[in-house]
Amino acid sequence: MEKTISTFEELKNICNGITVYEAAQLREAELSEISVAEFRSKVKKSLDAMKEAIKNGLKSHEMSISGMCGDDCERLQKRFLRHHALLGRLFEKITTYALATIEENLRMGKIVACPTAGSCAIVPSVLVGVSEELKISEEDQINALITAGEVGRIISNKVALAGAVAGCQAECGVASAMSAAALTQMLGGSVDEILNAMALAMKNLLGLTCDPVCGLVEIPCVKRNPFLAIHAVTASELALAGIKSKIPPDEVIDALEQTGKLMSPLLKESSQGGLAKTKTALELEKEFLQ
Amino acid sequence: MKQSTIIDIISPIMAGPSSSHTAGAIRLGLMAKNIYNGKIKSVTFRLYNSFALTGKGHGTDKGLLAGLLGLAVDDSRIKNIFNSDIAKQFDYNYEYAQDFNRHPNAVDFTIDGENGRMIISGESVGAGEIAIRKINDFTVKLTGKYNTLLLIYKDVPNMIARVTNAIHINIASLNCDRYAKGEEASMSICLDGSVDDKVLDFLKNIKNVYFVSYIKKLES
């Protein structure tokens, strides 16, 4: 088994007759000198923690330290009790699970940074929401999470997954790309379809800035999570239809890297521009600092 | 380039809200605890740049303290650490600074206790990953991913050979630094396995070795 897989092209080449998670779990187990079963049990630990965060988040409406966010999941749940979502039950699950998880995060609850805490709700909401609706087995959920992890890992070899380095495209953007890959795996997509889903999701989030109000993982991060979870579903549906990203996966990641470098530091987690410098943001800042 | 693993990407399981500002802070505290390796009397946390500006809302202050007290990144006590009895073990205070020569998420721990004063500088580099960059005046690079041997010794020929000859497990990386030729020098050696006390005693007895510390890796 080839030990260093740094590009999607290399990944595609080793997936000769096997799929992404199979190649990934063999390599990871070998590298960490553990069995595939042990590796999968580590993945299951993250999966279980994701489910726990959703459960806790659905029940709570405790506000964050700043008091700016924390009760939107409750609001959305109430709405869906009265009116079903236009896009159906799965849409309701994904969006409420995403808000449940990200709000659990801002009240210092226990979450899984996947890949980061500010983007922690995207992969779980898609993975758990779809699994429940389509009755996907735990083994297949683990396969999907490994697929998400492998995609994130390859991206992280080129771009640091940190808003301060490359903006929100490298946090929520990458989480959405990981989710698109995971969902495509769950729906039985081929290696090509998985990588295209990733590329399509990523491509449409290039340039996403990180401009958090008061420098906190709250505004716009909380609402961005459900938005980009749904974004991942679009990417996966397109890819499963055989629609290809005309720009190949590795080149999309090159563009992500370059865009991150070109992005002004004012828009990379420094809260010196964008939403963070709006009139209302400055008022919130004053209020919060008191 | 160094590769991360899948588990790095889909973890840690942590107390929110920020992998860099909360989990990273806790892990920096845990590393500082492992490095100091003794009873602490007091500590000053000096937070720089983004850590200083947004630390409060992210619980960075709580995380640094919780880590130094030995709490894991997913410990539910972190949220209320200031009111917790375990936080009464030593005195602590916080300073805030802007210095654009430092990393956006940098911190200095000035620790006083049974091992005297130690100043440990670290950075939270993203996604919960950390790097300790300096211990007192020596440049090091500790990420908490490996068991690490830290040696202070006299800068004379053959020291690296003598030290590495005593270690019979694979070395992942080795970094050296010195004040000046022939003066005090430091060596940090990241290991793929662990060493026992016999190796540590042997290293301590090598001529021109002043100090040996064994810094255990962080639980992931």
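The values are calculated or read from the model by the stated rules, or taken from the named source; none is laboratory data. Computed from a predicted structure; not experimentally measured. Every residue, glycine as well, gets a Cβ built from its backbone with ideal geometry; the counts of neighbours run over all protein chains shown. For the accessible areas, the whole protein counts, side chains as well, though only heavy atoms, and no ligand, DNA or RNA atoms are used. Shrake-Rupley method; radii C 1.70, N 1.55, O 1.52, S 1.80 Å.
Per-residue mean of foreign Cβ neighbours for A:102-111 is 6 (Cβ atoms of other chains, 10 Å radius). Mean partner shielding of peptide B:118-130, defined as the number of other chain Cβ atoms within 10 Å of each residue Cβ, is 3. In this structure, the amide hydrogen of residue B:145, modeled 1.01 Å from its nitrogen in the peptide plane, lies closer than 5 angstrom to those of B:218, counting only residues at least 5 positions away or on a different chain. When peptides B:157-168, B:181-192 are ranked by their average number of other Cβ atoms within 10 Å per residue, the highest-first order is B:181-192, B:157-168. Exposed loop positions in chain A were taken to be trypsin sites (Lys or Arg not before Pro) whose DSSP state is not H, G, I, E or B and which have at most 11 other beta-carbon atoms within 10 angstrom. Between these positions, the longest stretch is A:4-134.
Against the longest principal axis of chain A, how steep is helix A:36-59, in degrees 0 to 90 to the nearest 10, with axes from Cα atoms? Its long axis makes an angle of about 20 degrees. Non-local lysine pairs in the stretch B:146-220, meaning eight or more places apart or on different chains, with alpha-carbon distances under 18 Å, amount to 7. Note on the stretch A:131-228: Kirkwood hydrodynamic radius from all Cα pairs is 14.0 Å, rounded to one decimal.
Taking the accessible area of the stretch B:30-152, probe 1.4 Å, and keeping the other protein chains in place, the carbon and sulfur fraction comes to 46%.
You can think of it this way: the chain between residue A:9 and residue A:133 has 41.4 nm of extra reach, that is 0.36 nm per residue less the Cα-Cα gap. What residues qualify as long-range amide H neighbours of residue B:89, i.e. H under 5 Å apart, gap of 5 or more or another chain, H built at 1.01 Å from N? Here nothing satisfies the definition.
When the Cα convex hull of the protein assembly as shown is projected onto planes of every orientation, the mean area is 24.5 nm². With a point put 7 Å past each Cα toward its Cβ, work out how far residue B:154 is from residue B:117 in nm, to one decimal. Output for this residue pair reads 2.7 nm. Taking only the C-alpha atoms of chain B, the Rg (one decimal) and the largest Cα-Cα distance, Dmax (whole number), read 17.5, 53 Å. Lysine pair count for the stretch B:1-136 (Cα-Cα distance under 25 Å; residues 8 or more apart in sequence or on different chains): 23. Taking Cβ separations below 4.7 Å as the criterion for a possible disulfide partner, the isolated cysteines in chain A are A:15, A:69, A:73, A:114, A:120, A:172, A:214, A:221. For the stretch B:125-140, the Karplus equation 6.51 cos²θ - 1.76 cosθ + 1.60, evaluated at θ = phi - 60°, returns couplings of 9, x, 6, x, 7, 9, 8, 8, 9, 8, 10, 6, 9, 9, 6, 9 Hz by residue, with Gly and Pro reported as x. Taken across both chains, chains A and B shield about 3000 Å² of accessible surface from a 1.4 Å probe. Accessible area per residue (1.4 Å probe, heavy atoms of protein chains only) ranks A:231, B:58 as A:231, B:58, with the largest value leading. Quick note on the stretch A:241-288: its Rg to Rh ratio, both from C-alpha atoms and Rh being the Kirkwood radius, is 1.28.
What 222 nm value per residue comes from the helices of the protein assembly as shown, counting each DSSP H run with n ≥ 4 as -39,500 (n - 2.57) and dividing by all residues, nearest 500 deg cm²/dmol? Per the formula, -14000 deg cm²/dmol.
Count Lys and Arg as plus one, Asp and Glu as minus one, and take only other residues whose Cβ is under 15 Å from that of residue A:59; the net charge is then -1.
Treating each Cα of the stretch A:8-289 as one equal point scatterer and applying the Debye formula with no solvent, the log10 of I(q)/I(0) at q = 0.06, 0.14, 0.16 Å⁻¹ comes out as -0.18, -0.97, -1.24.
Across the stretch A:1-80, the fraction of Cα-Cα pairs farther apart than 14 Å, rounded to a whole number, is 73%. The long axis of helix B:49-58 is offset from the longest Cα principal axis of chain B by roughly 50 degrees. Normalised by the number of residues in chain A, the average gap of Cα pairs under 8 Å and 6 or more apart makes the relative contact order 19 percent. Calculated FRET efficiency, residue B:174 to residue A:37, Cβ-Cβ distance, R0 = 45 Å: about 0.85 to the nearest 0.05. Once backbone amide H atoms are built at 1.01 Å from N, residue B:173 has B:190 as its partners under 5 Å, excluding neighbours fewer than 5 places away on the same chain. For a paramagnetic label modelled on residue A:279 (point 7 Å from Cα along Cα→Cβ), amide N atoms under 20 Å away belong, within the stretch A:174-213, to A:213.
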